[in-house]
Each structure stands twice: as C-alpha cells, then as structure tokens.
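The values are calculated or read from the model by the stated rules, or taken from the named source; none is laboratory data. Note that the structure is a prediction, hence the values are computed from the model and not measured. Backbone-built Cβ (ideal geometry, glycine too); neighbour counts: all protein chains shown. Surface accessibility is based on the protein's heavy atoms, side chains included, excluding ligands, DNA and RNA. Shrake-Rupley method; radii C 1.70, N 1.55, O 1.52, S 1.80 Å.
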Amino acid sequence: MVNRRNFLIFGGTLSVIAIAAAKGFPLPARAASGETFAVTKTDAEWRAILTDEQYRILRHEDTERPFTSALNNEKRKGIFQCAGCALPVYSSEAKYDSGTGWPSFWQSLPGGVATREDKSLFMTRTECHCHRCGGHLGHVFDDGPPPTGMRHCINGFALTFVPASA
C-alpha cells in the first residue's frame, strides 16, 4: 500500500543510494550466486594490485562518473583488457561513441565477458563481468547499434588498453 510514510521511506532509501554513489562510496558487493572464477584473490591481494577506483568498480560494482575515464576517448586500434586479470574482453573494432560518457562496445570478445541479472537500485539490468576473475565491468543494454543492437556500457577504470602493434 502506498501511503505517505512508505513513500518517504522508499524515497529516502533512493536518496541515500544516490548520494552514496555520487560521493564515490562503494556499495556492498553482491554475492556471485555460486559462480567460481579461474583467478581468485583475497580482498587484501585485490587492494594491493588495483587502484582505489579500480577496486571499488571491479570488486564492489561501483560506477565511475561519466566522462572521467580516458578510455572513453580512446580511438586507437587495440584490445581492452580487464584491469584485474588482463583478460582480453573487448576489441577497438567493436567500440563506438554512445554519448553516455562511458566506453561502449556493441559486442565483447569471445570468452571475455559473462553476464548475470542485476536487480539492484530497484530495477532489473544485465550486469557484465570478467569471465576469468569476476570483476564488474558494467552493464549491457539493448539500445546499441547494428550489427548486434547491444550496448556494453563499461567502466573505463575497469579496463586497460593495449594498442595494436604497428
């Protein structure tokens, strides 16, 4: 039943989540529901090899602010790898400018990305993560360009870029 009290509680919860995300506070990581990954590390080991921003995104499913990653503007030919384990996940051949402020791709490399349902923030989305280490990369939407019609909206700080050899 929607009444003023329930509306205020619901609205307050959304406000706290929005403020936490805007301030860069990590939201708690969701359980991977039984998934296992080839690369596993302790929390301390992940913290030792990742920057603070990479750690928040890859290990706690945070989201970088739009237009803050240099990889959003990367135009060279090459491969985008998971910043956690260096698995090749996207090719520059599938990258395009979606105008959203995050690197966007119309498909991932074979064996690079796995997906699962994400019901956080009171909506259902498709979350994508590194197939090898489980690091959160971003989300997949069905509003992308041909040939797939998909938009992999990816946190640039979750990736590293390796330029193609000349």
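Results for (1) open to solvent by less than 10 Å² (accessible area, probe 1.4 Å); (2) of a type in the set (V, I, T); (3) under 13 Å from V113 (Cα atoms), shown as yes or no for each residue.
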{"position": "I57", "(1), (2), (3)": "yes, yes, no"}
{"position": "T63", "(1), (2), (3)": "no, yes, no"}
{"position": "A86", "(1), (2), (3)": "no, no, yes"}
{"position": "V89", "(1), (2), (3)": "yes, yes, yes"}
{"position": "S98", "(1), (2), (3)": "no, no, no"}
{"position": "G101", "(1), (2), (3)": "yes, no, no"}
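When the stretch 140-160 is filtered for residues that are of a type in the set (G, A, S) and either part of a strand (DSSP E or B) or under 18 Å from P66 (Cα atoms) (or both), the ones remaining, listed by number, are G144, G156, A158. If A44 satisfies all but one of (1) open to solvent by 40 Å² or more (accessible area, probe 1.4 Å); (2) touching a residue at least 24 places away in the same chain (Cβ under 8 Å); (3) assigned to a helix (DSSP H, G or I); (4) over 14 Å from H136 (Cα atoms), what's the number of the condition it fails? Here A44 meets the rest and fails (2). Look at (1) in contact with a helix residue (DSSP H, G or I) (Cβ under 8 Å, 6 or more places away or on another chain); (2) at pLDDT 95 or above; (3) outside any loop (DSSP other than H, G, I, E, B) and you find that G84 fails only one, number (3).
Tallying residues that are within 13 Å of the chain's Cα centre (by Cα), at positive phi and either surrounded by fewer than 19 Cβ atoms within 10 Å (Cβ to Cβ) or in a strand (DSSP E or B) (or both) within the stretch 112-134 yields 0. The condition of being part of a strand (DSSP E or B) and touching a residue at least 12 places away in the same chain (Cβ under 8 Å) holds for only one of L137, L71, L109, that being L137. Filter the stretch 12-41 for residues that are of a type in the set (S, T, N, Q), open to solvent by 80 Å² or more (accessible area, probe 1.4 Å) and modelled with pLDDT under 85 and give the result. The one that is of a type in the set (S, T, N, Q), open to solvent by 80 Å² or more (accessible area, probe 1.4 Å) and modelled with pLDDT under 85: S33.
Scan the stretch 135-153 for residues that are open to solvent by less than 30 Å² (accessible area, probe 1.4 Å), hydrophobic (A, V, I, L, M, F, W, C) and in contact with an Asp or Glu (Cβ under 9 Å, 6 or more places away or on another chain) and the total you get is 2.
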